[in-house]
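For reference, the structure discussed in these notes is given below.
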Amino acid sequence: MTGLGKIAAAAAVAMSALGPLAASLGASAAGGGGATERLACEIRAIERGGLVMLEPIVRASRAASGSYTLSVESRGSGGSRSDVEQGGGFSLAAGEETRLGSVGLAAGTRYDAVLEIEAGDRTATCRAPARR
């Protein structure tokens, strides 16, 4: 076998060993929810005139419609406690960002907020920067 023949044989063995791996990588990238089809969320905390407004935001790299749930647990300085849950549907175009609602809390209130998004087979969960 010549030097070129040995290289060709080694390349054929390497390709046959990598074939199943390459096929599985291609299948996962082509399936729903690959890195190019991101669904993302955030909860913005904006202070306005003695209030903290929590604004749930969703954005998607491709058109999406689905549902969301925002759960906010808050504790006031006097020991009061409040649980708020908002939810509903949304629809957005590719590359779009939208605000899903808002919750207003008194400034200085301690809170923990979680936003869960579902759109087909894509999901996203995020937390507000907790104020404890």
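Could we say that Gly33 is at pLDDT 85 or above, part of a loop (DSSP other than H, G, I, E, B) and surrounded by 10 or more Cβ atoms within 10 Å (Cβ to Cβ) here? Don't jump to the end; show me each part of the working.
Working: at pLDDT 85 or above: no; part of a loop (DSSP other than H, G, I, E, B): yes; surrounded by 10 or more Cβ atoms within 10 Å (Cβ to Cβ): yes.
Judged against the criteria, Gly33 is not a match.
Identify, from the list Ala119, Ala113, the residue that is farther than 16 Å from Glu47 by Cα, of a type in the set (Gly, Ala, Ser) and surrounded by 14 or more Cβ atoms within 10 Å (Cβ to Cβ). Can you show your working first?
Working: Ala113 fails: farther than 16 Å from Glu47 by Cα.
Just a single option satisfies the conditions, and that option is Ala119.
Considering only residues that are under 13 Å from the mean Cα position of the chain (by Cα) and within 11 Å of Leu54 (Cα to Cα), which ones fall in segment 88-126?
Of everything in segment 88-126, those that are under 13 Å from the mean Cα position of the chain (by Cα) and within 11 Å of Leu54 (Cα to Cα) turn out to be Val114, Leu115.
The values are calculated or read from the model by the stated rules, or taken from the named source; none is laboratory data. On a predicted model such as this, the values are computed, not experimentally measured, just so you know. Glycine also receives a Cβ, built like all others from the backbone with ideal geometry; neighbour counts cover every protein chain displayed.
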